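Reading through the structure tokens given below for one structure.
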Amino acid sequence: MHIPGHKGGLGAPSPLRDFLGKNAFRLDLTEIAPLDHLLTPKGIIKEALDLASEAFGADRTFFVINGTTGCILAMILASTGDGDEILISRASHRSAIGGLVLSGASPRYIESRFSWEFGFALPCTANQIKEKLDSFKGAKALFLTSPNYYGVTIDVSTIVSLCHERGVPVLVDEAHGAHFIFHEAFPPSSLEARADLIAQSAHKTLSSLTQSSLLHFNGGLVDLNRVQSALQIIQTTSPSYLLSASLDASRWQMVNFGKEEFSRAIELANFARKELNQIEGISCITQEQISQMGDFLLDPLKLTINFKNLGVSGREVERWLREEGVEVELSDPWNVLCMISIGDSPKSVERLIKAMKRALRKKWRKPEVVSEIHSMKIPGIPEQALTPREAFQAPHRLVPLKKAIGKISSEIVAPYPPGIPVLCPGEKIEKEIVHYLEKIIKLGLVVHGLEGEEEKWIRVVA
Ligand SMILES: Cc1ncc(COP(=O)(O)O)c(C=O)c1O
């Protein structure tokens, strides 16, 4: 006589039950005695977590059922407090800014180098981080992202050494790198570098269900109790057993079949990269090209297909591919990003290559729009007038984007994808940023954080 109300599916809406099948409901349970509790695990969930920490090589691993977003909120909340300085890469996912609002920490942003060659922001480097560590000696933590969305990683182990020498914990957003530990052809994982806290979207590159992520902890600089408390704050008290079970099953799959499954996926991705590179005018980014930009490694499963030389935008190609029946992971003005996983097959890869050839043959370009996109200058980090938390808590009002120049943003404003903020709460809205956003909107990209019809309004500190 307990929740959930569907009682093992008996009371579930029949169309949903017919579609999902009975077992999905039988697994959708609540925390009755033998089933343990995700937030205070002592029994079978504790066992599953111990197996996960052994498989991934962390001191402790937590299942997080509200995504890497939840992991990132918990990492920042656990390691910084009101007014603490945190070094943070500007190319961070918007959830990191959410973490700053929750913890009250004051960000010291590390500028992201934008690659005009590739059309995306590169991860910040060990040299940039060293400079910041020297400038902000009291920093309480470093937050960085590796790999970036496009699969480009930095040398996290050097960064961890630099930070640990100074007693600064390293928090890594490894949302796109949960698979790294399971094959030697992948770039090294932050787990091997013994970063202090590592967030991974198992649902992105492994095969657990959407929303299920992993938070890994390595002892030394961060208090484990604070991590557990933070996870209790940001997670539901009714965690989904479906999601938790999918994380456990994914760990089992990786331990038993990860190496061979990923060998197959890497072979498929390498084949696709080679074939795509033979299509005239397009370029599928390689490790050799990435190495020319610095000490970066590329996840072989990420296919960043660049259309700069064709004078066509990635957004346009995404639409053409959709018409050909292929959905991609993301597009931006320069690229289309596809990711290969253990769920791919020679057939799915062939379909992509054929669709690409057909799309590029059939359609043609709009050079005037494209040249406008490619010549756009991405604005630099604006002046920070308030901390993200101060700005979030202050009274707000909506103003038209055009009238926002000189005001303080109370929102994260991020063109999506890839979701890197051009404005964070507390930052001054400069003319250059307004012009950039207007252009982005005109070109049809989604901008998170703007409001109203055609996203022409912005929320500012009143
Ligand atoms: C770099 C990065 N970090 C964090 C996240 C958030 O992950 P999740 O969707 O698992 O909450 C994303 C999502 O796309 C991401 O790209």
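Some points to look at:
- Radius 15 Å from Cβ of residue 104, net charge of other residues (Lys, Arg +1; Asp, Glu -1): 0
- Using just its DSSP H runs of length 4 or more, each adding -39500 (n - 2.57), the chain gives a mean residue ellipticity at 222 nm of -12000 deg cm²/dmol after division by all residues.
- Gain upon complete extension [residue 443, residue 117; 0.36 nm per residue less C-alpha separation]: 115.3 nm
- Among 407-413, 282-288, the order from most to least packed when residues are scored by Cβ within 10 Å on average: 407-413, 282-288
- Separation of the residue 158 and residue 327 label points, Cα + 7 Å toward Cβ, nm: 3.9 nm
- Cross-link table 7/347; 130/377; 7/42; 302/403, entries beyond 30 Å C-alpha to C-alpha: 7/347; 302/403
- Of the peptides 164-173, 189-198, the order by per-residue mean of other Cβ atoms within 10 Å, starting with the highest, comes out as 189-198, 164-173.
- 11 Å reach of a label modelled at residue 348, 7 Å along Cα-to-Cβ, counting backbone N of segment 229-258: none
- Spin-label pair residue 274-residue 291: with each label point 7 Å from Cα along the Cα-Cβ axis, the two points sit 1.8 nm from one another.
- Global geometry of segment 140-288, whether rounded, prolate or oblate, following the gyration tensor of its Cα atoms and the 1.5 cut on a/c: oblate
- Separation in nanometres of the label points that stand 7 Å from Cα toward Cβ, at residue 451 and residue 136: 2.9 nm
- Fully extending the segment from residue 22 to residue 60 would add 10.3 nm, taking 0.36 nm per residue of separation and subtracting the current Cα-Cα distance.
- Cβ-Cβ distance of residue 378 and residue 184, R₀ of 56 Å, FRET efficiency by 1/(1 + (r/R0)^6): the value works out to about 0.95.
- Ordering of 297-307, 39-49, 383-393 by packing [mean C-beta count within 10 Å, highest first]: 297-307, 383-393, 39-49
- Note on the chain: Kirkwood hydrodynamic radius from all Cα pairs is 23.3 Å, rounded to one decimal.
- Taking the chain and dividing mean pair separation by its residue count, relative contact order in percent (alpha carbons under 8 Å, at least six apart): 14 percent
No value in this document is a laboratory result; all are computed from the given coordinates. No experiment lies behind these values; they were computed from the predicted model shown. Note that we place each Cβ from the backbone using ideal geometry, even for glycine, and neighbour counts take in every protein chain shown.
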